[in-house]
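Novice: I'd like to ask you about the structure that follows.
The values are calculated or read from the model by the stated rules, or taken from the named source; none is laboratory data. It should be emphasised that the depicted structure is a prediction, and the values quoted were computed from it without experimental measurement. All Cβ positions, glycine included, derive from the backbone under ideal geometry; neighbour counts span all protein chains shown.
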Amino acid sequence: MTPESFDFIAALVKSRSGLLLTPDKRYMLESRLTSLLMREALADLNALAVRLRDPRSAPLAEAVTEALTTNESSFFRDGKPFDHLRRALPKLATARPAGSALRVWSAACSTGQEAYSVAMIAAEMGAELQGRRVEIIGTDIAGEVLARARDGIFTQFEVQRGLPVRQLVRHFTQEQGRWRVSAELKAMARFDRCNLLGDLRVMGRFDVIFCRNVLIYFDPPTKTRVLGALAAQLVPDGVLYLGGAETVLGLTDRLVPVPGERGAYELPRAVAATG
Ligand SMILES: C[S@@+](CC[C@H](N)C(=O)[O-])C[C@H]1O[C@@H](n2cnc3c(N)ncnc32)[C@H](O)[C@@H]1O
């Protein structure tokens, strides 16, 4: 692949998704796009770059972008945010009128483990939620992972990563060597496509937002833009969770760390008071 082809594909992917492909990602680009090249009967990445220059290639550009996403996820990933959520949900429920729903957004949800982890917490809470429903919306830029999240079927390997046996037995049933999430959890969660670079106002406002392990793939201006857009969708007493390697510090003052809670962020007090 020529440097020009690499630069063209990298710029296209960045403009569509925010994903930053530095020259050291050349090998990754080659390996992730091999099957797409075969499917499209293209000789190499230079031929792909030529094809992508055609304005009618939007579906191909989408497929290229999707192939370059990293979709790794696991149940109760990093632990801490979920411990905090267990304490935060009852407080949020108390602050809401009877009959209202608590809205939780798993932005960049990949195959759904994060959304279903939240659903398990909510399902196990019972009376602590004082009758408030929990509505979980998982979104991602990639259609294939969303389809898997909607199916709610996980391999033995996937459930072994982070899901305690007690919860596996309670919330999943075994089916031909794989594990199907219960109807109760499925009813709490829905999965839609949403690009974090798009207009996030269409999503409505949320009590809780998880946006974890995706900002690491963006450059600082893109992180700032996405964090600002997420802050705008958070209710005044809401909470945003980021991944272990992510922070708002040095990127935006529209969110501040929740004191003593790693990975949890909230609106600054002055904003929350007027929100
Ligand atoms: C590493 S996974 C993180 C999954 C989950 N949040 C977790 O922490 O386990 C990152 C996800 O971000 C998605 N993604 C990348 N760019 C995106 C964008 N611009 N908008 C929405 N999702 C995006 C990818 O498709 C991928 O599924």
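Novice: Condition first: closer than 22 Å to Thr155 by Cα and either small (Gly, Ala, Ser) or touching a strand residue (DSSP E or B) at 6+ places or on another chain (Cβ under 7 Å) (or both). Now tell me which residues in segment 59-79 satisfy that.
Specialist: Ala67, Ser73, Ser74, Gly79
Novice: How about segment 1-66: which helices (runs of 4 or more DSSP H) wholly inside it have at least 1 residues that are over 26 Å from the mean Cα position of the chain (by Cα) and of a type in the set (Val, Ile, Thr)?
Specialist: Qualifying helices (runs of 4 or more DSSP H): 45-52.
Novice: May I pose another question? Kindly check whether there is at least one residue in segment 203-210 that is loosely packed, with under 14 Cβ neighbours inside 10 Å and more than 16 Å from the ligand (Cβ to nearest atom).
Specialist: yes
Novice: So Asp151 passes all but one of these: (1) in contact with a helix residue (DSSP H, G or I) (Cβ under 8 Å, 6 or more places away or on another chain); (2) surrounded by fewer than 17 Cβ atoms within 10 Å (Cβ to Cβ); (3) acidic (Asp, Glu). Which condition number does it fail?
Specialist: (1)
Novice: Taking Val159 as the residue in question, decide whether it is modelled with pLDDT of 95 or more, crowded, with 18+ Cβ neighbours inside 10 Å, closer than 25 Å to Tyr265 by Cβ and β-branched (Val, Ile, Thr).
Specialist: No, not satisfied.
Novice: What pairs come out if I take residues in segment 38-50 that are touching a residue at least 24 places away in the same chain (Cβ under 8 Å) and pair them with residues that are surrounded by fewer than 13 Cβ atoms within 10 Å (Cβ to Cβ) and assigned to a loop (DSSP other than H, G, I, E, B) whose C-beta lies under 9 Å away, six or more apart or interchain?
Specialist: Close Cβ pairs satisfying both conditions: Leu45/Thr2; Asn46/Thr2; Ala49/Thr2.
Novice: May I pose another question? Take the conditions in a helix (DSSP H, G or I) and more than 28 Å from Lys91 (Cα to Cα) and apply them to Val145. Does it pass?
Specialist: Yes, satisfied.
Novice: Related question: State which residue is surrounded by the most Cβ atoms within 10 Å (Cβ to Cβ) when the search covers only segment 15-37 and only residues that are charged (D, E, K, R) and free of Cβ contacts under 8 Å to residues at least 24 places away in the same chain.
Specialist: Among them, the one singled out is Lys25.
Novice: If you don't mind, there's one more thing I want to ask. Filter segment 223-243 for residues that are surrounded by fewer than 20 Cβ atoms within 10 Å (Cβ to Cβ) and in contact with a helix residue (DSSP H, G or I) (Cβ under 8 Å, 6 or more places away or on another chain) and give the result.
Specialist: Ala229, Ala232, Gln233, Pro236, Asp237, Gly243
Novice: Quick one: is Thr2 of a type outside the set (D, E, K, R), within 14 Å of the ligand (Cβ to nearest atom) and touching a residue at least 12 places away in the same chain (Cβ under 8 Å)?
Specialist: For Thr2, the condition - of a type outside the set (D, E, K, R), within 14 Å of the ligand (Cβ to nearest atom) and touching a residue at least 12 places away in the same chain (Cβ under 8 Å) - is not met.
Novice: Considering only segment 119-142, state which residues are part of a helix (DSSP H, G or I) and either touching a helix residue (DSSP H, G or I) at 6+ places or on another chain (Cβ under 7 Å) or surrounded by 23 or more Cβ atoms within 10 Å (Cβ to Cβ) (or both).
Specialist: Across segment 119-142, the qualifying residues are Ala119, Met120, Ile121, Ala122, Ala123, Met125, Glu128, Leu129.
Novice: Also, I was wondering about something else. Tell me the residue from Thr34, Thr2, Thr70 that is touching a helix residue (DSSP H, G or I) at 6+ places or on another chain (Cβ under 9 Å) and under 30 Å from Glu114 (Cβ atoms), please.
Specialist: So the residue among Thr34, Thr2, Thr70 that is touching a helix residue (DSSP H, G or I) at 6+ places or on another chain (Cβ under 9 Å) and under 30 Å from Glu114 (Cβ atoms) is Thr70.
Novice: With within 30 Å of Gln233 (Cα to Cα) and within 16 Å of the ligand (Cβ to nearest atom) as the only criterion, which of Leu68, Leu29, Leu92 stands out?
Specialist: The match here is Leu68.
Novice: Let me ask something additional. Which numbered condition trips up Tyr116, out of (1) under 18 Å from Arg103 (Cα atoms); (2) within 16 Å of the ligand (Cβ to nearest atom); (3) not in a helix (DSSP H, G or I)?
Specialist: (3)
Novice: Write out, first by first residue and then by second, each pair whose Cβ atoms fall under 6 Å of each other, whose residues are 6+ apart or on separate chains, and whose first residue, in segment 141-163, is free of Cβ contacts under 8 Å to residues at least 40 places away in the same chain while the second is surrounded by 21 or more Cβ atoms within 10 Å (Cβ to Cβ).
Specialist: Close Cβ pairs (under 6 Å, with a partner that is surrounded by 21 or more Cβ atoms within 10 Å (Cβ to Cβ)) amount to Arg148/Thr111.
Novice: Could you please tell me which pairs satisfy a Cβ distance under 8 Å, a separation of 6+ or placement on different chains, a first residue in segment 191-218 that is part of a helix (DSSP H, G or I), and a second residue that is within 8 Å of the ligand (Cβ to nearest atom) and of a type in the set (S, T, N, Q)?
Specialist: Sorted first by the residue in segment 191-218, then by its partner, the pairs are Met203/Thr139; Tyr217/Thr70.
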